[in-house]
1. Taking B:Leu334 and the conditions (1) in contact with a strand residue (DSSP E or B) (Cβ under 6 Å, 6 or more places away or on another chain); (2) crowded, with 16+ Cβ neighbours inside 10 Å; (3) farther than 30 Å from B:Ile169 by Cα, which numbered condition does it fall short on, given that it satisfies the others?
2. Going by the conditions given, is B:Ala371 closer than 17 Å to B:Tyr355 by Cα and buried (at least 19 other Cβ atoms within 10 Å of the Cβ)?
3. What are the residue pairs meeting all of these: first residue in the range A:28-46, first residue in the same structural domain as A:Val208 (by the TED database), second residue among the charged types (D, E, K, R) and in a loop (DSSP other than H, G, I, E, B), Cβ atoms under 8 Å, and 6 or more apart or on different chains?
4. Among the residues that make up the range A:159-166, is at least one of them in the same structural domain as A:Pro227 (by the TED database), polar (S, T, N, Q) and in a helix (DSSP H, G or I)?
5. Which residues, taken from the range A:157-173, are at pLDDT below 95, among the aliphatic types (A, V, I, L, M) and surrounded by 20 or more Cβ atoms within 10 Å (Cβ to Cβ)?
6. Do the conditions hold for A:Gly104, that is, is it free of Cβ contacts under 8 Å to residues at least 24 places away in the same chain, surrounded by fewer than 23 Cβ atoms within 10 Å (Cβ to Cβ), part of a loop (DSSP other than H, G, I, E, B) and more than 10 Å from chain B (Cβ to nearest Cβ)?
7. Could you please find all residues in the range A:59-72 being more than 7 Å from chain B (Cβ to nearest Cβ) and in contact (Cβ under 8 Å) with a residue 24 or more places away in the chain?
8. Hey, could you check the range B:117-135 for residues that are facing chain A (nearest Cβ under 8 Å) and crowded, with 19+ Cβ neighbours inside 10 Å and say which is farthest from A:Asp69 (Cα to Cα)?
Amino acid sequence: MIEIKQVTKTYADGDALANLTLTIDDGELFVLVGPSGSGKTTLLRSINRLVVPTSGQVFVDGVDVATVDLQDLRRHTGYVLQSGALFPNMTVEQNAQIQMEALGWAPAKMHDRIRQLMHRVDLDPEVFLDRKPSELSGGEAQRVGIVRALAPNPKLVLMDEPFSALDPLSRRQLQSLVRELHRELETTFVFVTHDMREALQLADHLAVIHSGRLQQVGTPADIMAKPANDFVRNFFDDEIARSRYMQQVAASGLGKVAVGDETVTLDGRDTIFDWAAAVQTQPDVVVRVGKTRLVAADLITYMARMTGGDQQ
Amino acid sequence: MLQQVWSYIAKNQHSIWLSLLQHIEISALAAIITIIIAIPLAVALLNHRRAGEFVLQVASVIQTIPSLAILGLLIPIVGIGTVPAVIALVLYALMPIFSNTYAGMTNIDPVLLEAADALGVSRRFRLFRILFPLAMPMILSGIRIGVVMIIGTATLAALIGGGGLGTYILLGIQTNNNAALIVGALLAAVLALLASWLIRVLSKVPLKRLLIGLVALIVVGGGVYGVRAVTAPKTTNVTIAGKMGGEPEVLINMYKELIEQDNSNVHVTVKANFGGTSFLFKALKSGKVDVYPEFTGTVLQSLVKGDQTVSHNQNKAYQSAKQALSKQFGMTYLRPMQYQNDYALAVTKATAQKYHLQNFEDLVSHPELIAGFDPDFYAQEDGYPGLKKAYGLNFTQVKTMEPSLRYEALAKGRIGVTDAYTTDPQLRQYHLVVLKDSKHFFPSYQVHH
């Protein structure tokens, strides 16, 4: 568990974080989202103390990070940076084993672990282990970055806008890879992004941060259904309007209260387009979102209410 | 020209080879010391940006001081020979190697440094596996610049008795021997290019092997050096040095033969072309040199303190020089040789015939002749200024030039009259006419010790 208690970080030009308190549970995929300059990266860095807070405390598993051996803390924390941040003078394998090497793993054990993870992220070890970072595409480099972060089996992985420099296709692939990996591992992921769609798609819980202050914490469904303030509403507005999340359909008052077993269960984060696809293959499909059951007629009604693409 | 160079090389093969080795030795020593100082210093100052910038400024300022001036400044502190030469070279090469190392290490992508911190690497890992490899191209280019600079500047070591290829360059300038000059300059240039190429090749070798190689080189080099120092024969008792040029070399070799003839157990080392007057005198003072030939006039005019007017009487001049040297420096000024080298004024045969020139007075009526004088002669009270007073000479145009160049200039008609040393072989070579000093203005310049 990560507890951030009343953390303030003051720079010469003002507060990057203002008295921020937040708790992240074990095993969560927790997303910190906000516009650039909001303080989300500063908050992430205060967890492994790359940033030393001006005041306040950060606890990881109940231990104040100000009091621990930093090198040890960091060697047990995975870290993924923008565009991989692989060392250009080292091969993929050398890059991937940095933390294990620092922790004193045996070479054979390191090699096996890296090969296993390379397979998991769909990179052939035979092809890639001896390559230099300059011989990798952006997506491949970031996969290696993920291998490096997961290699020593950390309990916590921090990700600082890892996919923001990638092309849309690679980004989508890596987003689903991260979700899969998170589901398989019992690891806490803290993920920073400025992309609200990415935040909504990945997060178990997300925290919206603006001007160094926490705006709202909750599940994507909570936040879409009940934005806490104008900032949060505006921040997600475009995204919500464009995506037509099922959560919105459920919140619009259509449908009936679910009772029995429905054929298809959709997540609040699925969109009406997923629903439409389901209707296309099975015209009389009944879908369930949370406690609401919806039939094909509801889809038509909902779409009829949409005006010019900006209907809530 | 090419033929001259070849025959010069053939004749002096052995000593050229020795000079080349000496040049490499001085340069390598200076380069290794510079690297050992500059790179750790840059690493130590990495996290102290202000101190780093300060060192950078100081190194740049040192760089702007002409290397000749650095050599001059170092003589009173560390004397002459290889030591001040190496120190000057180190000071000189410090700036490119330090600044490139520093820049290379401070300009590493901050994202990579953040990654290194976030992964919790050790300081050693950070320095040797991340900082050094990433800065290596910059560091190597700094070393390349530094080494090329060292090899070029090391030619100046010859000025202070450090030896090396500069000996031939200086000799060539002093004695107007282009073959020697070309040999010295060309070898130095080739050496610089070779070193630059070698470093470029080495830059492709992995760091670890490079470090092992460097350590091995230092150990082997140090071993060879040590063995040579221990086994070197210790029969050297007397060192005789001489100024630049052929004339002092003949003199000191005569001394060597005379001394060794009389004392079979004394070994005499001859150091020809050792340097200029002040270098030699300082070498004598510091005991690096035991004997060197010097002119009475120079002793009185330049070396001893006090307003020493030079007597035109040979014996009187010798006595006053001897007393001053013994009193001020505790040196012995030996009895003069039967050899005299005086200042004179020379013109070409054609000029002498055309204007009927025989002695200095005859020049008074020809101020239109262009005079070309040695800078010392032009400035010293016993030179042209004195002549002006004594004879009323007043040339409308006076040029100062290198002593070695003025005879040729005279022969080619670029100047009309020049100062001359009466022993210079060029007087005969160019069929010059030495005018008579009818008023005995010039003091006698005899050679003593």
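The values are calculated or read from the model by the stated rules, or taken from the named source; none is laboratory data. This one's a predicted model, so the numbers in the text were calculated from it and none came from an experiment. Here the Cβ is made from the backbone with ideal geometry for all residues, glycine too, and neighbour counts use every protein chain on show.
1. If we test B:Leu334 against (1) in contact with a strand residue (DSSP E or B) (Cβ under 6 Å, 6 or more places away or on another chain); (2) crowded, with 16+ Cβ neighbours inside 10 Å; (3) farther than 30 Å from B:Ile169 by Cα, just (2) comes out false.
2. Details: closer than 17 Å to B:Tyr355 by Cα: yes; buried (at least 19 other Cβ atoms within 10 Å of the Cβ): yes.
In short, yes.
3. Filtered contacts from the range A:28-46: A:Glu28/A:Asp204; A:Leu29/A:Asp204; A:Phe30/A:Asp204; A:Val33/A:Asp195; A:Thr41/A:Glu161.
4. Narrowing the range A:159-166 to residues in the same structural domain as A:Pro227 (by the TED database): A:159-166.
If we keep only those that are polar (S, T, N, Q) as well, we get A:164.
Then keep just the ones that are in a helix (DSSP H, G or I); that gives none.
Taking every residue of the range A:159-166 in turn, none turns out to be in the same structural domain as A:Pro227 (by the TED database), polar (S, T, N, Q) and in a helix (DSSP H, G or I).
5. Result: A:Leu166, single match.
6. In short, yes.
7. Within the range A:59-72, A:Phe59, A:Val60, A:Asp61, A:Gly62 qualify.
8. Filtering the range B:117-135 for residues facing chain A (nearest Cβ under 8 Å) gives B:117-122, B:125, B:129-130, B:133-134.
After this cut, where a residue has to be crowded, with 19+ Cβ neighbours inside 10 Å as well, the list is B:118-121, B:129-130, B:134.
Numbers: B:Ala118: 13, B:Leu119: 13, B:Gly120: 10, B:Val121: 13, B:Arg129: 22, B:Ile130: 22, B:Leu134: 28 Å.
Ranking the qualifying residues of the range B:117-135, first place goes to B:Leu134.
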